[in-house]
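Okay, structure first, notes after.
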Amino acid sequence: MPTRRGWLLGVGSIVSMLAGRLVGMVELYVLGAAGIALTIGAVVYVRALRCQLEVARTLHPARVHAGGTSLVQLAVRNVAWRRSPTLVASDPFDGGKRVARFLVPPLGSSDSGRAAYRVPTEQRGVFGLGPLALQLSDPFRLASLWLTGAPATRLVVYPRIDKVPAPPHTQGDDPRAGADHRSFLSRTGEDFYALRAYQVGDDLRRVHWPSTARLDDLMIRQEEMPWQGRASVLLDLRKSVYTPDSLEVAVSAAASIVSSVSPGHALVRLLATDGTDTGFAAGRAHVEAVLERLAEVRMTSSGSLVNELGVLSRAAGGGVLVVVTTARASETDLERIARLRSSFPTVMAVLIEEAARATTVAPGVARRPTPGSVIPVRVTPTRPFATAWTEALGRDRRLLTTAGGQW
């Protein structure tokens, strides 16, 4: 296919031939004919080339937190018997908003070339990478041929995470039938709660040999019924209460709370005013799914905090509830949050206050008190979320003690 330069040369050559014909100048006619012949020859040249390349592209890691490092590594190997021409590799990122371009030098038979580059991870989100394209062109760049080198993939940039204590553990119904505290079913007999894979340090006397023989892997009898805490995180995404900067702080806070619950295998649930509801689950896979959803969330003008609070009040799931919003939330919003104390033993409200230079915040709104039954976590430009969260838990010795080791 002719390039832009090839099209310009072809059109110019036709004009030159017509002008030479009209004015009777043989030189113009010959010059135009030569230009057309050169353009056609370039197209034939790129189509006649037979490139046989093996292209491998790896993205590591494919999931990273904002501000982390993710590296793309590219390997090209010539599997043809003859030398490959010079190629231009293009790898679009985020729908082509950014493109990584680099030259692939000529490679002899069975020779390989490698390249690497970093992808931007400053902002959270799910970004498309690729497909990787290889451009083959003639020496004059009059014609080119595009080859697909590697399929499209995606990079997931999670929100920034602060290391914070887990929210307080409270009692609540467990849909997985776990008790609130460990319950030993048997000390010496054959009764046990479940089987699990062997971990370093386990007592070998608890090996369940029939299952080990059947699965060809050491299986341990779990003689205690596991307990699981429960945490619900409600993220307010209403456009009326956010600025772009405060939204990022709120999403990061929600992600930090969810991640703090994960190590203890507690049940966690994420809800948002855009309709998101992950349901209760535990484990690394569920937490990663929640973080991926948080990577994609945006402000919405159609959501309703009142509706989501109503869903929570009807669910009566127990455990701890954390509502993440801003200090621009209305008195009615805070009162409705406080009413959920009848369904959740502990209710916490993360209130994000904007910078003083933000003119959209009315004087006095940011410091409005919360109802006494709600534990406030006030985040300001000079008091980041991690500090505010830890101080809020520390104000109540019972909460801090419980959060320190019960998840």
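Observations
- Proximal charge balance of residue 53 [Cβ under 14 Å; K/R count +1, D/E count -1]: +4
- Rounded if a/c under 1.5, otherwise prolate or oblate - segment 53-158, Cα gyration tensor axes: prolate
- Whether segment 276-324 is rounded, prolate or oblate, judged on the alpha carbon gyration tensor where a/c under 1.5 counts as rounded: oblate
- For the peptides 202-210, 158-166, the ranking by packing is 158-166, 202-210, with the highest mean count of neighbouring Cβ atoms within 10 Å listed first.
- Separation of alpha-carbon centers, segment 24-93 and segment 106-127, rounded to whole Å: 16
- Amide H contacts of residue 70 (H built 1.01 Å from N, under 5 Å, at least 5 apart or other chain): 119
- Shape category assigned to segment 4-48 from the gyration tensor of Cα positions, a/c cut at 1.5: prolate
- Local electrostatic count at residue 237 - Lys and Arg +1, Asp and Glu -1, tallied over other residues with Cβ under 9 Å: +1
- For segment 53-158, the relative contact order works out to 31 percent when only alpha carbon pairs closer than 8 Å and six or more residues apart are counted.
- Cβ-defined net charge surrounding residue 75, 10 Å radius [Lys, Arg +1; Asp, Glu -1]: +2
- As a rough guide to protection, the peptides 44-57, 247-260, 3-16 ranked by mean Cβ packing within 10 Å, highest first, stand as 247-260, 3-16, 44-57.
- Computed P(r) (all Cα pairs; segment 229-349; 5 Å bins; percent): 2, 12, 25, 25, 21, 12, 3, 0
Values in this text are rule-based calculations from the coordinates and carry no lab data. Here the structure is a predicted model, which is why all the values come from computation and not from measurement. Quick reminder, even Gly has a Cβ in these numbers, built from the backbone with ideal geometry, and neighbours come from all protein chains shown.
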